[in-house]
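Right, one structure below, let's go through it.
The values are calculated or read from the model by the stated rules, or taken from the named source; none is laboratory data. These numbers come from a predicted model, not from an experiment. Every residue, glycine as well, gets a Cβ built from its backbone with ideal geometry; the counts of neighbours run over all protein chains shown.
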Amino acid sequence: MTLNPVSQFLSAAALAVCCATGVVVQPPNTTFGFSGDLTARPIPGARGEKTVKRKQQPLPLPDISSFAKNKSDRFVVDMDMVRTGHPYKGTDAQRPHTGAHIYFRIPNKPIPARNARAFPAIYAVADGYVSRIDEYFKLRPIFNRTLGKPVANYRYGVTLAIARKDGAAVNFHYSIEPMIDPRDPDFYKPFILVKRGQRVKKGDVIARMYIPPRREFARNTHIHFNLIDTGKRQFMAPTIFRNEIVRRFHRAWGNRGLDGKTRIPPCMGFRLSAPENPFGTGATDEL
């Protein structure tokens, strides 16, 4: 896939700041399963899932400012899958990080990795179209304390265009990071359920979250997500969710909900500079 300069710039910058420990080479066809059967709305073209036909037409995207009042009621994942996390931490934070994180409940029984539908669903948070797919993307090497050496880490991802700002697309970026090196460029393909250019509706399942089998590594598995203003090459806080979603997400943060020693209040963006505020209302401590 040929990437335009904006996509290359944003992808490289996003991945450079999102890191964790605990990378491991993945044994084939093993993981842990959840006790419950996960069901979710099918999406056209999903691998191994029932599809419905949806007529493809040019999609008018709303201005990002519309999300200030018309918040999304569909979070990135089901809340009962969230173990911990944190919001987007802006440039004015003590420890900035250009993405919110979701860390997953660790599954409790082994199932074959080939059974992609057994893994947590990842949803389209709004209507839009798929602007980018990453099937196998190398992050910078991360030191693994267990192995005592730096280990390569490969992630996959989906990016949705959901709005516009000053005429340019605003993307919602899902960086899906199992924190392993599967040593197979096709390994994650069954977990990606959409194609570039495809239209999606809010609530569609666009991917599944692969979680490694070993608990000591699965605890670092996460999704890094943010908004991207493609016109200005600017990361922005994903402040598009209803208050009840934000409050419930906040309750799961625990110690990850800290900026230094400061407890972060319920929000999706903390200590944002003006460019990181998608609604153009200036710098703010919480949004």
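Of all the listed residues (169, 163, 237), the sole one being modelled with pLDDT of 95 or more, within 30 Å of residue 273 (Cα to Cα), of a type in the set (Gly, Ala, Ser) and surrounded by fewer than 22 Cβ atoms within 10 Å (Cβ to Cβ) is 169. Residue-level check: of (1) under 14 Å from the mean Cα position of the chain (by Cα); (2) part of a loop (DSSP other than H, G, I, E, B); (3) within 17 Å of residue 212 (Cβ to Cβ), residue 74 misses just (3). Note on segment 276-287: residues that are surrounded by 16 or more Cβ atoms within 10 Å (Cβ to Cβ) and closer than 26 Å to residue 124 by Cβ total 6.
Being crowded, with 22+ Cβ neighbours inside 10 Å, more than 21 Å from residue 276 (Cβ to Cβ) and modelled with pLDDT of 95 or more holds for only one residue in 88, 103, and it is 103.
Here residue 183 meets each of (1) surrounded by fewer than 14 Cβ atoms within 10 Å (Cβ to Cβ); (2) basic (Lys, Arg); (3) under 30 Å from residue 232 (Cβ atoms) with one exception, condition (3). Inside segment 88-105, residues that are part of a loop (DSSP other than H, G, I, E, B) and under 14 Å from the mean Cα position of the chain (by Cα) make up a count of 2. Find the residue count for segment 106-116, including only residues that are surrounded by fewer than 19 Cβ atoms within 10 Å (Cβ to Cβ) and either under 13 Å from the mean Cα position of the chain (by Cα) or more than 15 Å from residue 177 (Cα to Cα) (or both). Residues that pass the stated criteria total 7.
Return a yes/no flag: does segment 144-162 have any residue that is assigned to a strand (DSSP E or B) and in contact with a Pro (Cβ under 6 Å, 6 or more places away or on another chain).
Yes, segment 144-162 contains a residue that is assigned to a strand (DSSP E or B) and in contact with a Pro (Cβ under 6 Å, 6 or more places away or on another chain).
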